[in-house]
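The values are calculated or read from the model by the stated rules, or taken from the named source; none is laboratory data. As the structure is a prediction and not an experimental result, all values here were calculated from the model. We place every Cβ from the backbone using ideal geometry, glycine too, and count neighbours over all the protein chains shown. The accessibility values were calculated without ligands, DNA or RNA, using every heavy atom of the protein model including side chains. Shrake-Rupley method; radii C 1.70, N 1.55, O 1.52, S 1.80 Å.
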Amino acid sequence: MNVSAGASIYSRKGSPYFYVSYFSVDRLKRVHEATPWRTDTASGRRNAERYLAEKIRLAQLLVGSHGDGWAAWVRLFLQERYGRSPTTFQRYENAWKNISTYLLQEKVTRPAHFTYSHVAGYMTWRTAQRRHRGTLISRNTARQEIKLMSVIMAEAVRREFTFANPCARLPFPKEEPAEKPEITPAQERLIRQLLAEKEGQLPITERWMTVSFEIAIHQGCRLTETQIPLERIDIAGRRVQFYGKGRNGSKKVFTTLLHDGLVPLMQELRTAGATQTCTLPRMAAKDWHFFFKGRPELANLCFHCTRVTVITRLARAGVPISKAMRFVGHASQSVHRIYQRLTAEDLGECVSALGGSNSPSDGPNLAALDH
């Protein structure tokens, strides 16, 4: 890859500043960029030339003389591996931008220069940064990005760019995230009241928060799954088809029963001429985050608590785990159990099965047993 080919300095009609054209290793394409140096000053061209030369030098370092530099292959590799799922590719591409910023800072221009000390250094560097909301980057986020770096380094080993993968065994334990709670009946009523105040005056086709909440609290699906083409909903047959999570661009498809409580909503949407249940905005999860965060009674909740709530209610009602998993689209029992929030009050049947009573007052007299 000849990164210096076509690099140039030029001026544009009507602009007093020099422009430069060069190959961007970040975007993998030629870019045109305005400089802050004027065409009518003696030092303007010299400064623009130095700037362009530095861009070319950096690109040559990142590409490497043998094509082993990060810019020569990493983004293309990620695109080949994850490109069939645009959402996944975007997430990993953003993660790689964070990693490559650190690598440039540390002057690590190719895989052979990457060592274990950089793995530990990245964790420290990344967790010291803040999100745009001001909160620190979590340890789990940094750890997840190092896992991506492990995939990249494993590919570098296969391509014989280096001999070892320093990220192969992560010594950083995963921090357990805060447990998502079940939504109480009182909170559920409050959410509906607040959504009515927020969206009640809008046509049903524009009330995306209301629709997504009702679908999730009745079906236990994820936020992204609440945007359903109406052709996938059979109201008469009480069936709904979901496209769940999947790998390598292949979405898991499953059909489940449509909750009776959603029938009036689905009929209203069809009457209004909707083609899908709702249209989620690009930052739907963020909108829901601020919806809950701004209210003390709901501050401990997030949208995914709807899934926790449905699964817990199914367990409390005694629905067999195999059927509950089928209803919400879970493939793993271990994952499914994580969502259950049964309390001591839900365990009366266990006491009864062992010959006891559900009532604490009927229990043995411990004081008498002591004597």
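Note down the nm distance, to one decimal, between modelled labels 7 Å out along Cα→Cβ at Asn47 and at Ala196.
Simple spin-label model gives 6.3 nm for this pair.
Pairing the Cα long axis of helix 185-199 with the longest principal axis of the chain, what angle in degrees results, from 0 to 90 and rounded to the nearest 10?
Between helix and principal axis, roughly 50 degrees.
Ranked from highest to lowest mean number of other Cβ atoms within 10 Å per residue, what is the order of the peptides 106-112, 228-234, 194-200?
106-112, 228-234, 194-200
Give the value in nm², to one decimal: projected area of the alpha carbon convex hull of the stretch 197-320, averaged over all directions.
For the Cα atoms of the stretch 197-320, the hull's average projected area reads 9.1 nm².
Could you check the simple spin-label distance between Tyr116 and Thr343, using points 7 Å along Cα→Cβ, in nm with one decimal?
Simple spin-label model gives 4.8 nm for this pair.
Once every DSSP H run of n ≥ 4 in the chain is given -39500 (n - 2.57) and the sum is divided by its residues, what mean residue ellipticity at 222 nm do you get, rounded to the nearest 500 deg cm²/dmol?
Mean residue ellipticity at 222 nm (helix-derived): -14000 deg cm²/dmol.
Give the Rg/Rh ratio for the stretch 125-205, taking Rg as the radius of gyration of the Cα atoms and Rh as the Kirkwood radius, to two decimals.
Dividing the radius of gyration by the Kirkwood radius yields 1.27.
Indicate the gyration tensor shape class of the stretch 280-347 (rounded, prolate or oblate), computed on the Cα atoms with a ≥ b ≥ c the square roots of the eigenvalues: a/c under 1.5 is rounded; otherwise a/b larger than b/c is prolate and the rest oblate. Each step should come with its number before you reach the end.
Values: a/c = 3.23, a/b = 1.60, b/c = 2.02.
It is oblate, given that a/c is not under 1.5 and a/b is not larger than b/c.
At 1.4 Å probe size, with the rest of the protein present, what percent of the exposed accessible area of the chain is carbon and sulfur atoms?
The C+S portion of the solvent-accessible surface of the chain is 52 percent.
So, in Å, what gap is there between the alpha-carbon centers of the stretch 110-183 and the stretch 265-289?
36
Hey, what's the Kirkwood Rh for the stretch 61-207 if you take every pair of different alpha carbons, in angstrom?
Its Kirkwood hydrodynamic radius stands at 18.1 Å.
From the C-alpha gyration tensor of the chain, pull out the three semi-axes of the equivalent ellipsoid (sqrt of 5λ each), sorted largest to smallest, in whole Å.
Its equivalent ellipsoid spans semi-axes of 52, 29, 20 Å.
What distance in nm separates the simple spin-label points at Arg131 and Glu206, each placed 7 Å from Cα in the Cβ direction?
2.9
How much length is gained on full extension from Lys29 to Ala164, taking 0.36 nm per residue of separation minus their Cα-Cα distance?
Working it through step by step, the gained length comes to 45.5 nm.
In whole Hz and in residue order, list the ³J(HN,Hα) couplings for the stretch 259-265 that follow from phi through the Karplus curve 6.51 cos²θ - 1.76 cosθ + 1.60, θ = phi - 60°; x for Gly and Pro.
4, 4, x, 9, 4, x, 5
Pulled fully out, how much extra length does the chain show between Lys293 and Leu76, if you take 0.36 nm times their separation in residues and subtract their Cα-Cα distance?
Additional length available on full extension: 74.2 nm.
Working from Cα positions, state the angle (0 to 90°, nearest 10) between the long axis of helix 86-105 and the longest principal axis of the chain.
Here the helix axis deviates by roughly 50 degrees.
Could you work out how far helix 116-127 tilts from the main Cα principal axis of the chain, as a 0 to 90 degree angle to the nearest 10?
70
Relative to the present Cα-Cα distance, how much length would full extension add between Thr255 and Thr87 at 0.36 nm per residue of separation?
In short, 58.2 nm is gained.
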